[in-house]
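Here is the structure we will look at.
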Amino acid sequence: MTWTPSGPQASLDLTHVLYDDDSYFSLALALLTLSPILLMPAYAALAVQTREYVIIIMWAGQLIGEVLNLVIKHTVKQARPSYSAANGYGFPSSHSQYMGYFATYLVLHLYCRHRFASSGYKLLDGAWRLALYAAIISWAGVVAYSRYYLRYHSPSQIWWGLGIGTGLGAATYTFAELLPRKRPHSALAKLKTWLVRNPVSNWLQIRDGWDVWADGGRETEWLRWRDEWERRRVEKSK
């Protein structure tokens, strides 16, 4: 039994990227421009593995951003640049919006809540944090630039995408994390508590590790693993 289309067919261009086959730089940008697609399964894997509130909220905000981008595109209906070979509307750039959200939310979380393991040298610790922030922001910037270089969007479509994504990332983190923590008796704090403590969340074992440990419980879990590992080594040696 074969399927016969009843109307015009469309292409789902999630991984279809055009680039200059004679340029390794163009190839590199073509690979980097696909990185937002790879982040979605990474979100899912982290959410399932860690059951962390922060990651689940970040993932949810990212999905809301994708819906928002689709709504804006079909409301504004701004065409892509005349030199672009891509289909569909171009305002705002979904890749730029995606990475703007990702970088903003992650940097805010790392700066405001996460405690990194210390090397014992304050200057080195500070340099490491700055390098990590710069790498995340640069990743977002290169993906946004790739949309211009590969002729998918105009500069204004890219800047708007970055701006919307950055604003959404900052708003999501502020309302889901910063305000509930700063104002523990507010409606937002009560909503966050309910999201973590309701029967479904208890059944799924959702937790907010950063509300208890400054590093989200990473060091505690590592110490627990090391103690158990050492205990089993001793038992085997006997």
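The values are calculated or read from the model by the stated rules, or taken from the named source; none is laboratory data. On a predicted model such as this, the values are computed, not experimentally measured, just so you know. All Cβ positions, even for glycine, are placed from backbone atoms using ideal geometry, and neighbour counts span all protein chains on display.
What to note about this one:
- The numbered conditions (1) crowded, with 16+ Cβ neighbours inside 10 Å; (2) over 15 Å from the mean Cα position of the chain (by Cα); (3) free of Cβ contacts under 8 Å to residues at least 24 places away in the same chain are all true for Ile72 except (3).
- If you check Leu204, Leu162, Leu124, Leu223 for being of a type in the set (A, V, I, L, M, F, W, C) and closer than 18 Å to Ile55 by Cβ, only one passes: Leu204.
- Any hit, the stretch 63-73, residues being in contact with a helix residue (DSSP H, G or I) (Cβ under 6 Å, 6 or more places away or on another chain), at pLDDT 85 or above and either not in a loop (DSSP other than H, G, I, E, B) or not assigned by TED's automatic domain parsing to the domain that holds Leu106 (or both): yes
- Screening the stretch 74-114 for residues that are farther than 14 Å from Gln157 by Cβ and small (Gly, Ala, Ser) and picking the one that is modelled with the highest pLDDT gives Ala103.
- Residue within the stretch 177-196 that is under 23 Å from the mean Cα position of the chain (by Cα) and among the basic types (Lys, Arg) present: yes
- Filtering the stretch 12-39 to residues that are assigned to a loop (DSSP other than H, G, I, E, B) and either modelled with pLDDT of 80 or more or small (Gly, Ala, Ser) (or both) leaves Ser23, Thr33, Leu34.
- Those helices (runs of 4 or more DSSP H) of the stretch 113-210 in which 1 or more residues are under 18 Å from Pro36 (Cα atoms) occupy 122-149, 155-173.
- Odd one out for Ala144, checked against (1) at pLDDT 90 or above; (2) over 30 Å from Ser23 (Cα atoms); (3) of a type outside the set (Asp, Glu): (2)
- For Ala214, the conditions (1) part of a helix (DSSP H, G or I); (2) outside the structural domain of Val48 (by TED's automatic domain parsing) are fulfilled apart from (1).
- Test: residue in the stretch 120-142 that is more than 30 Å from Thr220 (Cα to Cα), of a type in the set (D, E, K, R) and surrounded by fewer than 18 Cβ atoms within 10 Å (Cβ to Cβ): no
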